[in-house]
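The block underneath contains the structure these notes are about, expressed in structure tokens.
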Amino acid sequence: MGSPTVRRRRLASELRQLRERAQLTLEQVAERLGWSITKVSRVETCKVGVTPKDVERLLGLYEVTSSKREEIVGLARDAQKKGWWHAYGDLPTEYATYIGLEAEAASVRCFASEIIPGLLQTEDYARAVIRAALITSPPGEIERRVQVRMARQRLLSEVPPLRLWTIIDEAALRRAVGGPDVIRDQMRRLLDVADVPTIAVQVLPFGAGAHAATCGAFELLEFPERADPDVAFLENLTGSLYVEDERDVYRYTLAFDHLRAKALDLGESCELIAEILGRAG
């Protein structure tokens with residue numbers, strides 16, 4: 001069925017295209033349906049959900065044929081369903097949105113500048129990172145977040161598995177997260193996954209100097225359906241940013257390619273990780 005997050009995104013795109021094909025403005029749609037312009041705009045930008053009943057009204061206004069109408073209404077029904085992550089309590093909306101996109105992605109390209117990517121973290125490493133980030137949260141919330149992070153990793157072993165290409169800054173490898181035992185286990189984890197055909201791990205060494213992503217970490221999510229364009233994802237202390245404009249996503253794609261060229265190759269990366277493992281022992 002796919003992630004409800006991706007379904008909402010696809011539904012919003014379809015509704016926008018249908019309105020444009022009907023040669024109607026946001027103002028005209030709002031006036032004819034008795035909605036606010038803000039509501040129409042937020043539906044088309046996936047800022048709010050939309051009920052199947054409201055979708056039916058939009059499709060009637062756009063004079064959509066019966067076969068297409070059935071497809072879009074079905075998409076609206078699927079978009080209302082909850083993903084597996086809702087069982088873990090009230091996650092922040094932005095985080096839940098990211099999990100939904102990740103769950104449907106065919107591949108993820110990731111540049112990690114400060115910490116090991118979440119999909120490759122051991123449980124103890126994840127706990128140390130999450131505890132440091134959620135300094136005001138109770139222990140129960142921290143443990144729920146750890147469980148969610150571990151659950152996300154199932155994507156790497158599904159059929160077909162999520163393809164992951166990650167470039168990790170050397171600083172992230174050498175950061176003392178959780179103590180020597182945690183670091184040793186984490187380095188072993190990276191060496192283990194480096195043998196998985198659908199996972200690539202490269203290290204960007206200190207010697208690479210200035211690079212195309214000195215602005216910080218980012219991820220690129222690619223989806224199996226052509227109707228779902230790639231998304232770049234950036235996270236900071238106060239929130240997250242989804243970049244969907246084709247030209248901006250292309251800039252991040254170029255940045256990743258430049259990083260990949262500057263990083264150590266797969267074999268050299270494993271050698272450096274093994275060296276850090278040896279020193280941690």
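Here is a list: ARG260, ARG251, ARG189, ARG247. Which entry is within 24 Å of LEU155 (Cα to Cα), out of contact with any helix residue (DSSP H, G or I) (no Cβ under 7 Å at 6 or more places or on another chain) and of a type in the set (D, E, K, R)? Don't jump to the end; show me each part of the working.
Working: ARG251 fails: within 24 Å of LEU155 (Cα to Cα); ARG189 fails: out of contact with any helix residue (DSSP H, G or I) (no Cβ under 7 Å at 6 or more places or on another chain); ARG247 fails: within 24 Å of LEU155 (Cα to Cα).
None of the other options fit; the residue is ARG260.
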May I ask you to verify whether GLN28 is at pLDDT 90 or above and on the phi < 0 side of the Ramachandran plot? yes
Filter the stretch 133-158 for residues that are of a type in the set (A, V, I, L, M) and free of Cβ contacts under 8 Å to residues at least 40 places away in the same chain; the one that is farthest from ASP192 (Cα to Cα) is ILE135
Apart from one, (1) assigned to a helix (DSSP H, G or I); (2) outside the structural domain of GLU20 (by TED's automatic domain parsing); (3) among the β-branched types (Val, Ile, Thr) all hold for VAL73; the odd one out is (2)
I'd like the full set of residues that are small (Gly, Ala, Ser) and surrounded by 14 or more Cβ atoms within 10 Å (Cβ to Cβ), limited to the stretch 138-163. ALA151
Answer yes or no as to whether LEU59 is part of a helix (DSSP H, G or I), at pLDDT 90 or above and not assigned by TED's automatic domain parsing to the domain that holds ALA105. yes
Would you mind finding the one in VAL148, VAL108 that is modelled with pLDDT of 85 or more, over 21 Å from GLU244 (Cβ atoms) and hydrophobic (A, V, I, L, M, F, W, C)? VAL148
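Tell me, which helices (runs of 4 or more DSSP H) lie completely within the stretch 1-44 with 2 or more residues that are surrounded by 17 or more Cβ atoms within 10 Å (Cβ to Cβ) and touching a residue at least 24 places away in the same chain (Cβ under 8 Å)?
4-21, 37-44
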Residue, surrounded by the most Cβ atoms within 10 Å (Cβ to Cβ), within the stretch 92-132, restricted to residues that are among the polar types (S, T, N, Q) and either without any contact (Cβ under 8 Å) to a residue 40 or more places away in the chain or not in a loop (DSSP other than H, G, I, E, B) (or both): THR97
For VAL48, only one of the following conditions fails: (1) outside any helix (DSSP H, G or I); (2) among the hydrophobic types (A, V, I, L, M, F, W, C); (3) under 15 Å from ARG19 (Cβ atoms). What is its number? (3)
Output the qualifying pairs, or none if there are none: Cβ atoms under 7 angstrom, residues six or more apart or on different chains, first residue in the stretch 173-199 and without any contact (Cβ under 8 Å) to a residue 12 or more places away in the chain, second residue in a helix (DSSP H, G or I). ALA176/ILE183
For the stretch 149-186, how many residues meet the condition of being of a type in the set (D, E, K, R) and at positive phi? 0
For the stretch 229-248, state whether one or more residues are more than 21 Å from the chain's Cα centre (by Cα), among the basic types (Lys, Arg) and more than 25 Å from ALA103 (Cβ to Cβ). no
Residue list for the stretch 51-84, filter: within 16 Å of GLU20 (Cα to Cα) and surrounded by fewer than 13 Cβ atoms within 10 Å (Cβ to Cβ): GLY60, GLU63, THR65
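The values are calculated or read from the model by the stated rules, or taken from the named source; none is laboratory data. Because the structure is predicted, anything quoted here is derived from the model rather than measured. So basically every Cβ, Gly included, is an ideal-geometry build from the backbone, and we count neighbours across all protein chains shown.
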